[in-house]
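Okay, structure first, notes after.
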Amino acid sequence: MAEIETSLGRVREGKWAPRTIDLDLLLFGQEVINRPNLTVPHPQMHLRSFVLRGLCQLNSKLLHPVIKESVDKLAARLGGGNFASNLDVPQLVSIAGIIGVGKTTLTEKLSNLFGCKALLEAYDKNPFLPDVYSGKKELALDSQLYFLTSRIEQLNPNTLASGRIAISDYIFEKELIYAGRLLNPRQLALYEKIYQPFSAKVVAPVLVIYLSDSAEICLERIHKRNRPYEQAIQSQFLENLSADYEQLFADWKTCPVIRISMSKLDCNRDGDIDHLANQIKSYVAVQT
């Protein structure tokens, strides 16, 4: 490769310098090669939209030999963006989705598998949440601020180690989704003023896993787990949340997003969890 680049006039002036030509070996059939001077598939190809677009034009159903997903599916996860692994930041994987979709169950399964920290929402510790769900809207701002401060503590860059995986059962940006649904205009205006300065300071995810399911099935799970303060939740509220999440991820540029329909994932089936864990490994920079 280097000899071909040199013969075509490439001058090497540094890693990120402009270049006349740049050749990379992306794939060699379904071969997996790990040598000191050669890694195939290219370890960053699934993070680059400009690479995957070309592969999709050649064969959109071409299977990545390590991740075991087609290149068109890998491209859809990037939303047109280009990303790079970075060992110098915490490797936060955030599980997103509406109430009752299974975020906490999946977080606990994955954190046990990876032996990493699980960051769980403080639902049972929020003293205002039962009153809010029972209809006391004057306490909605107190409840949202409780969650906000809890998440700021959990996602503090001083407490999450660089190069280490952590998995959360929420995405920080959900704060504005719930605030928009639960707060009145006056409360929301105040909340947004408090939210904005902190939103840029929390650790951003390197990968989001977005779980989806029907509002009816999520409502069944909510009733089954029988948290008293959740029993008044209505299907329409869940449908509204689902629409808000779809809008959030329609223009998401922070990191790759793996979308999973819960009709195709069984958290109690080891094969499903192992397949997802294998994919996660390709999106995080793990410290060895």
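The values are calculated or read from the model by the stated rules, or taken from the named source; none is laboratory data. As the structure is a computational prediction, the values presented were derived from the model and not from experiment. Positions of Cβ are generated from backbone atoms using ideal geometry, with glycine treated the same way; all protein chains shown enter the neighbour counts.
Just the residues that are loosely packed, with under 15 Cβ neighbours inside 10 Å and not basic (Lys, Arg), please, taken from segment 240-264. Across segment 240-264, the qualifying residues are Ala243, Glu246, Gln247, Ala250, Asp251, Ser261, Ser263. Flag not set for Tyr195, criterion: touching a helix residue (DSSP H, G or I) at 6+ places or on another chain (Cβ under 9 Å) and either surrounded by fewer than 13 Cβ atoms within 10 Å (Cβ to Cβ) or touching a residue at least 60 places away in the same chain (Cβ under 8 Å) (or both).
Does Leu38 qualify as being surrounded by 13 or more Cβ atoms within 10 Å (Cβ to Cβ) and of a type in the set (A, V, I, L, M, F, W, C)? So Leu38 does not fit the description; no.
Count of segment 90-104 residues, restricted to those that are out of contact with any helix residue (DSSP H, G or I) (no Cβ under 8 Å at 6 or more places or on another chain) and either closer than 28 Å to Asn240 by Cβ or surrounded by fewer than 16 Cβ atoms within 10 Å (Cβ to Cβ) (or both), is 4.
Counting just the residues of segment 152-183 that are of a type in the set (Gly, Ala, Ser) and either at pLDDT below 95 or crowded, with 19+ Cβ neighbours inside 10 Å (or both), which one comes out nearest to the chain's Cα centre (by Cα)? Walk me through how you get there before you give the answer.
Here is the first cut: in segment 152-183, the residues of a type in the set (Gly, Ala, Ser) are 161-163, 166, 168, 179-180.
Going one step further and asking which of them are either at pLDDT below 95 or crowded, with 19+ Cβ neighbours inside 10 Å (or both), we end up with 161-163, 166, 168, 179.
Numbers: Ala161: 18, Ser162: 17, Gly163: 16, Ala166: 12, Ser168: 9, Ala179: 21 Å.
Once the filter is applied, the top-ranked residue is Ser168.
Say whether the condition of being surrounded by 12 or more Cβ atoms within 10 Å (Cβ to Cβ), outside any strand (DSSP E or B) and either in contact with a Lys or Arg (Cβ under 8 Å, 6 or more places away or on another chain) or in the same structural domain as Lys68 (by TED's automatic domain parsing) (or both) is met by at least one residue in segment 203-222. No, segment 203-222 contains no residue that is surrounded by 12 or more Cβ atoms within 10 Å (Cβ to Cβ), outside any strand (DSSP E or B) and either in contact with a Lys or Arg (Cβ under 8 Å, 6 or more places away or on another chain) or in the same structural domain as Lys68 (by TED's automatic domain parsing) (or both).
Quick grid of which residues meet (1) within 25 Å of the chain's Cα centre (by Cα); (2) surrounded by fewer than 18 Cβ atoms within 10 Å (Cβ to Cβ); (3) on the phi > 0 side of the Ramachandran plot; (4) in the same structural domain as Ala243 (by TED's automatic domain parsing):
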position	(1), (2), (3), (4)
Leu106	yes, no, no, yes
Leu110	yes, no, no, yes
Phe114	yes, no, no, yes
Lys125	yes, yes, no, yes
Gly135	no, yes, yes, yes
Glu138	no, yes, no, yes
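Candidates Asn86, Asn82: the one that is over 29 Å from Met262 (Cβ atoms), modelled with pLDDT of 95 or more and not aromatic (Phe, Trp, Tyr) is Asn82.
Could you run through segment 132-182 and say how many residues are of a type in the set (D, E, K, R), in a helix (DSSP H, G or I) and over 18 Å from Val206 (Cβ atoms)?
So the count comes out to 6.
Being touching a Cys at 6+ places or on another chain (Cβ under 9 Å) and either in a helix (DSSP H, G or I) or farther than 17 Å from Lys264 by Cα (or both) is true of Ser94.
Of everything in segment 226-236 that's in a helix (DSSP H, G or I) and without any contact (Cβ under 8 Å) to a residue 24 or more places away in the chain, which residue is nearest to Gly102 (Cα to Cα)?
Taking the candidates together, the pick is Ser235.
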